[in-house]
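**Student:** A single structure is presented below for examination.
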Amino acid sequence: MPYERYKSLRLAEYDYSSPGAYFVTICAKNKVPLFGNIQTEKMYFNAAGEFAANEILDIPNHYDCVGIGENIVMPNHVHMVVYIYESTVANQADAKKPIRLQDIIGSYKSGVTRKAKLLQGFENFAWQRYYFDHITRNDHALANISDYIKMNPAKWSEDLENLEYMKSLETKEREKKLKMLYKELCIRNNKTASGKP
């Protein structure tokens, strides 16, 4: 989700290692299109985009209690649904520190950055400092979010992360569209923004 100020708005009282579904958006620094482009309502990856997409699918391989739902890599941002489950570690002595959402996203960002910087022309690759998360409270919201992610490429011309589109809107119109989007996704009451470099 687009925000102009990058302060940590994460819910201070919420345990982000709690089992649940989390809708996460991560933007490239300054929302530069680092991952490819949209043509005829379809996303075409460059090499950095391939890394970003593959690293999403690889996330569950690093944790015993994490899954990935609907996801998409767009020209300048990434959307994914992250599932955190109860740990399957049976032996308490082997139990590790609970995995938090910020740990998962921080590791993902680091992995993509490390690989992308090896590419010619991507030596200065960087993410926006903060990412944005939404705690998904019910199946209806999750279904709406999943549909929204699927439809992202088809709606790129009016995407709220598309800088060219956003420049064409007045400030009040941007705010109105943002509020409408939250309402449609049924997540108005649990907006949060989290951050890890």
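The values are calculated or read from the model by the stated rules, or taken from the named source; none is laboratory data. Just so it is clear, the structure is predicted and the values come from calculations on it, not from any experiment. Cβ sites come from the backbone with ideal geometry, for glycine too, and all protein chains shown count toward neighbours. Each accessible area value is taken on the protein alone, full model and side chains, heavy atoms only, with ligands, DNA and RNA left out. Shrake-Rupley method; radii C 1.70, N 1.55, O 1.52, S 1.80 Å.
**Student:** Apply 1/(1 + (r/R0)^6) to the Cβ-Cβ distance of LYS183 and LEU118, taking R0 = 41 Å, and write down the FRET efficiency to the nearest 0.05. Spell out each step's value before the answer.
**Tutor:** Working: r = 42 Å, r/R0 = 1.03.
E between LYS183 and LEU118, to the nearest 0.05, is 0.45.
**Student:** Counting only protein chains, not ligands or nucleic acids, how are SER110, SER18 ordered by accessible area (probe 1.4 Å), most first? Present the calculation step by step, with values, prior to reporting the outcome.
**Tutor:** Details: SER110 60, SER18 30 Å².
Heavy-atom accessible area, descending, gives SER110, SER18.
**Student:** Which order, highest average first, do 129-136, 57-64 follow once you tally other Cβ atoms within 10 Å for each residue and take the mean per peptide? Please list the in-between numbers first.
**Tutor:** Numbers: 129-136: 21.6, 57-64: 13.0.
Peptide ranking by packing, descending: 129-136, 57-64.
**Student:** Here is a follow-up. Tell me, in nm to one decimal, what length is gained between MET151 and ALA47 on full extension, where the rule is 0.36 nm per residue of separation less the Cα-Cα distance? Don't jump to the answer; show the numbers that get you there.
**Tutor:** On the way: separation 104, 0.36 × 104 = 37.44 nm, distance 2.26 nm.
In short, 35.2 nm is gained.
**Student:** Same structure, new question: Does segment 38-149 come out rounded, prolate or oblate by the C-alpha gyration tensor, with a ≥ b ≥ c the root eigenvalues, rounded set by a/c under 1.5 and, if not, prolate when a/b is larger than b/c and oblate if not?
**Tutor:** Details: a/c = 2.34, a/b = 1.33, b/c = 1.76.
Oblate, since a/c reaches 1.5 and b/c is not below a/b.
**Student:** Can you list the HN-Hα couplings for segment 136-151, worked out from phi with the Karplus curve (6.51, -1.76, 1.60; θ = phi - 60°), rounded to whole Hz and with x for Gly and Pro?
**Tutor:** Whole-Hz 3J(HN,Hα) from phi for segment 136-151: 7, 8, 7, 5, 5, 5, 4, 5, 5, 5, 4, 5, 4, 5, 4, 8.
**Student:** List, in the order given, every pair from LYS31/LYS172; LYS97/LYS177; LYS115/LYS176 whose Cα-Cα distance in the structure shown is over 29 Å. Mind dumping the intermediate values first?
**Tutor:** On the way: LYS31/LYS172 21 Å; LYS97/LYS177 40 Å; LYS115/LYS176 38 Å.
Pairs exceeding the cut-off: LYS97/LYS177; LYS115/LYS176.
**Student:** What FRET efficiency do you get for LYS97 and GLU164 if R0 is 35 Å and r is their Cβ-Cβ distance, rounded to the nearest 0.05? Walk me through the numbers on the way to the answer.
**Tutor:** Values: r = 43 Å, r/R0 = 1.22.
Approximately 0.25, to the nearest 0.05.
**Student:** Same structure again: Tell me, what is the FRET efficiency for ASN37 and ARG137 to the nearest 0.05, using R0 = 25 angstrom and their Cβ-Cβ distance as r? The partial results should precede the final answer.
**Tutor:** Working: r = 34 Å, r/R0 = 1.37.
E(calc), rounded to 0.05, equals 0.15.
**Student:** Under 18 Å from the Cα of LYS183, which aspartates and glutamates turn up, not counting those fewer than eight places away in the same chain?
**Tutor:** By straight Cα distance, LYS183 reaches ASP133, ASP139, ASP147, GLU158, ASP159, GLU161, GLU173, GLU175.
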